[in-house]
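Single-structure report; data block below.
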Amino acid sequence: MTTPEGIGVFVGLDVGKGEHHAHALTPAGKTAFDKRLPNSEAKLREVFTKLAAKHGTVLLVVDQPASIGALPLAVARDTGCQVAYLPGLTMRRIADLYPGEAKTDARDAQVIADAARTMPHTLRDLAPDDETTAALQLIVGHDDDLAAEATRFRNRLRGLLTQIHPGLERVLGPRLDHPAVLRLLEQFGSPAALRKAGRRQLINLARSKAPRMAERLVSDIFTALDEQTVVVPGTDAAAIVLPNLAASLRTTLEQRRAVEHEITTLLEAHPLHKVLTSMPGIGVRTGARILIDVGDGSAFASAAHLAAYAGLAPATRNSGSSIRGEQPSRRGNKQLKRAFFLAAFASLSHPPSRTYYDKKIKQGKRHGQALLCLARRRADVLFAMLRDGTLYQPPTPSTA
């Protein structure tokens, strides 16, 4: 971000849950304000209005634009202030340039304000979110939490099954997301209970959720049960825990499906929905994440800036004669980077994407490196689509 001319005062705000610390600097570096502010609209509006009346245009810079930083930004925009965002990691690195090792709210606010005054290139624009994007941000964040919970339940289930009956885990572990498997584990949560239920009862129970695979699934279960005759200590206790974990995983997956429906509804209502989803590999969740973090792409000067922000641009390592080469960047927006990776992986069934991936594999790159190259290339294409407002068009043979 390039700070516009005419800023009368730079306000650095170290946001907090109950109160914030504000430090204001004039363009000459003179302190104009340095106090704690309660997280209330009335007080924030009063301070922003007084600073604007005395110094002119106010630029408010925060280190956390979401959650606890949302109200100050909304009030600042409503009072006519300009707003910007200084990423927390950047702020911490800039703070190391200042004398002292103290970590206080007052010092952080002063660092933010001085960085805005002297290093405007470190700031990022904060365009006001429309209602759809704001709602998507909340719901996608909830979906991320549910995904983490589902992963935790899966890992716990597979761990317990491996402990008491490895053969059964090899059959059920890869299928834990299937409703039929979860229903069997909820009702018969131990090897002994599964065996006692018998083939016919298990098939009838699984058939309502998996008509085609019920018989094969039950056959695989009994084959695994016949492979182990000893009872591992702790099996009885696991029989109590396994049904509860299976029920929790089923509930979490059902919640994710309901949340996915809400995300789909919101995403389809956004003008950029067709542009994003026209690219092969971009689905509901990845499209929502890209929309939240990238928007219409206007915040990025070029495709290279977008790739750097997402952590897709390779970092050059060159020191002396022993360290040379390029490595994947460890910086960037990790959630956005993951979305690009997932979309790239999903696009491997798309012939042009698969061709590019195979080309990188033939060049000696490993799977992860080839995916990174594909994700980087797709980020370039997506940037051009957002910039021009055009749908995805497969490359012509001459272009390829």
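Roughly how many nanometres apart are two label points built 7 Å out from the Cα toward the Cβ at residue 148 and residue 212?
In this crude label model, residue 148 to residue 212 measures out at 3.6 nm.
Would you please classify the overall shape of region 273-388 from the alpha carbon gyration tensor, given that a ≥ b ≥ c denote the square roots of the eigenvalues, rounded means a/c under 1.5, and beyond that prolate means a/b larger than b/c while oblate covers the rest? Mind dumping the intermediate values first?
Details: a/c = 2.17, a/b = 1.35, b/c = 1.61.
Oblate, because a/c is 1.5 or more while a/b does not exceed b/c.
Return 361, 263 ranked ascending by Cβ neighbour count within 10 Å, so the fewest neighbours appear first.
Numbers: 361 14, 263 22.
In increasing order of surrounding Cβ atoms, one gets 361, 263.
Calculate, axis by axis, the spread of Cα positions in region 1-149 along the three principal axes, and write the results as whole Å, longest axis first.
Extents along the principal axes: 49, 35, 30 Å.
Looking at the square roots a ≥ b ≥ c of the eigenvalues of the Cα gyration tensor of region 68-218, which shape do they give, rounded for a/c under 1.5, prolate if a/b is larger than b/c, or oblate? Before the final figure, lay out the partial values.
Values: a/c = 5.15, a/b = 2.74, b/c = 1.88.
It comes out prolate by the Cα gyration axes.
When the helix-only estimate is applied to the chain (DSSP H runs of n ≥ 4, each -39,500 (n - 2.57), divided by the residue count), what is the mean residue ellipticity at 222 nm, nearest 500 deg cm²/dmol?
Working: 16 runs with 231 residues, N = 400.
Taking each H run of at least 4 residues, the total per residue is -19000 deg cm²/dmol.
Take the chain, mark every one of the GluC sites (Glu not before Pro) that falls in a DSSP loop and has at most 14 other Cβ within 10 Å, then report the longest stretch left between them, sites excluded.
Values: sites that count: 5, 101, 227.
With GluC sites (Glu not before Pro) excluded where exposed in loops, the chain gives 228-400 as its longest stretch.
So how far, in whole Å, is the C-alpha centre of region 82-144 from the one of region 53-77?
Measuring centre to centre over Cα atoms gives 11 Å.
Past 31 Å, Cα to Cα, is the threshold; run 43/103; 337/365; 43/334 against it and keep the listed order. Numbers along the way, then the final one.
Numbers: 43/103 25 Å; 337/365 19 Å; 43/334 35 Å.
Beyond 31 Å between Cα atoms: 43/334.
Just need log10 I(q)/I(0) for region 154-289 at q = 0.21 Å⁻¹, Debye formula, equal scatterers on the alpha-carbon atoms, no solvent, rounded to two decimals.
-1.15
What does the net charge come to around residue 287 if you take all other residues with beta carbon closer than 11 Å to its beta carbon, with K and R at +1 and D and E at -1? Show your work: numbers first, answer last.
Numbers: positive: 274, 285, 289; negative: 268.
Once positives and negatives cancel, what remains is +2.
Rounding to the nearest 20 debye, state how big the charge dipole of the chain is about its Cα centre with +1 on each Lys and Arg Cβ and -1 on each Asp and Glu Cβ.
Details: 53 positive and 39 negative charges, 299 e Å.
That gives the chain a dipole magnitude of about 1440 debye.
Using the Cβ atoms and a cut-off under 15 Å, what net charge is assigned to the surroundings of residue 36, where Lys and Arg are +1 and Asp and Glu are -1?
Working: positive: 17, 35, 43, 107; negative: 14, 19, 34, 46, 105, 108.
Result for the local shell: -2.
Could you give me the percent of Cα pairs per 5 Å distance bin for region 9-59, shortest bin first, beginning at zero and ending with the bin that holds the maximum distance?
5, 21, 33, 25, 12, 4, 0
Which of these values of Cα Rg over 2.2 N^0.38 Å was calculated from the structure shown: [x] 0.94; [y] 1.26; [z] 2.10?
The value matching this structure is [y].
At 7 Å along Cα-to-Cβ for each site, give me the label-to-label distance between residue 89 and residue 192 in nm.
In this crude label model, residue 89 to residue 192 measures out at 5.2 nm.
Give me the one-decimal nm value for the distance between modelled label points at residue 298 and residue 231, 7 Å along each residue's Cα-to-Cβ direction.
It works out to 6.9 nm between the two label points.
Laboratory data are not the source of any read-out in this text; all were calculated from the coordinates shown. Note that the coordinates shown come from a computational prediction; the quantities given were computed from them, not determined experimentally. In this analysis, Cβ positions are derived from the backbone assuming ideal geometry, glycine residues included, and neighbour counts consider all displayed protein chains.
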